[in-house]
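We did not get these values from a lab; they are worked out from the coordinates using the rules stated. Everything quoted here is computed from the prediction, not taken from an experiment. Neighbour counts are summed over all protein chains in view; Cβ atoms, including those assigned to glycine, are modelled from backbone coordinates with ideal geometry.
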Amino acid sequence: MKHGSPTTDRYLKFLTHDMPTLESILTCPRCGYAKREAMPTNACLFYYECEECGTLLRPLPGDCCVFCSFGSVKCPPVQMESGCCEQGAPDTA
Ligand SMILES: [Zn+2]
């Protein structure tokens, strides 16, 4: 028997689960410049421009956002194993 909608379950999990880390240190793969950035919990950051060299970072294949690819901490949805924005990109090569 299940009570409540999946949304409620997810919300309760969010409330009861340890809060995810909301800051990640992004490291530019080109110049190595690292910057601490706050991560939004309700959206994925898909593009990030390096302050130092101006490179536009994008997630690597299989990653949902730049934090998962270049950050010291993965994005909050991934930390909480609740899944992130579904990409449907099956290239796991
Ligand atoms: Zn850079």
Interchain or long-range residues, amide H under 5 Å from Tyr33's placed H: Cys28
For Leu57, other-chain or 5+-apart residues with amide H closer than 5 Å (H placed, Pro excluded) are Tyr48, Glu49, Cys50
What does the charge add up to near Thr55, with Lys and Arg as +1, Asp and Glu as -1, over the other residues with Cβ less than 9 Å from its Cβ? -1
How far apart, in nm, are the 7 Å Cα→Cβ label points at Glu49 and Glu37? 1.2 nm
Per the Kirkwood formula on distinct C-alpha pairs, the Rh of the stretch 23-79 is how many angstrom? 11.0 Å
Just to check I understand the Karplus step: with θ = phi - 60° and J = 6.51 cos²θ - 1.76 cosθ + 1.60, what whole-Hz values come out for the stretch 34-42, glycine and proline as x? 10, 9, 7, 10, 7, 9, x, 8, 10
Tell me the label-point distance for the pair Leu56, Leu22, using the 7 Å Cα-to-Cβ offset, in nm and rounded to one decimal. 2.9 nm
Could you sort 30-42, 68-80 so that the peptide with the highest average Cβ count within 10 Å comes first and the rest follow in order? 68-80, 30-42
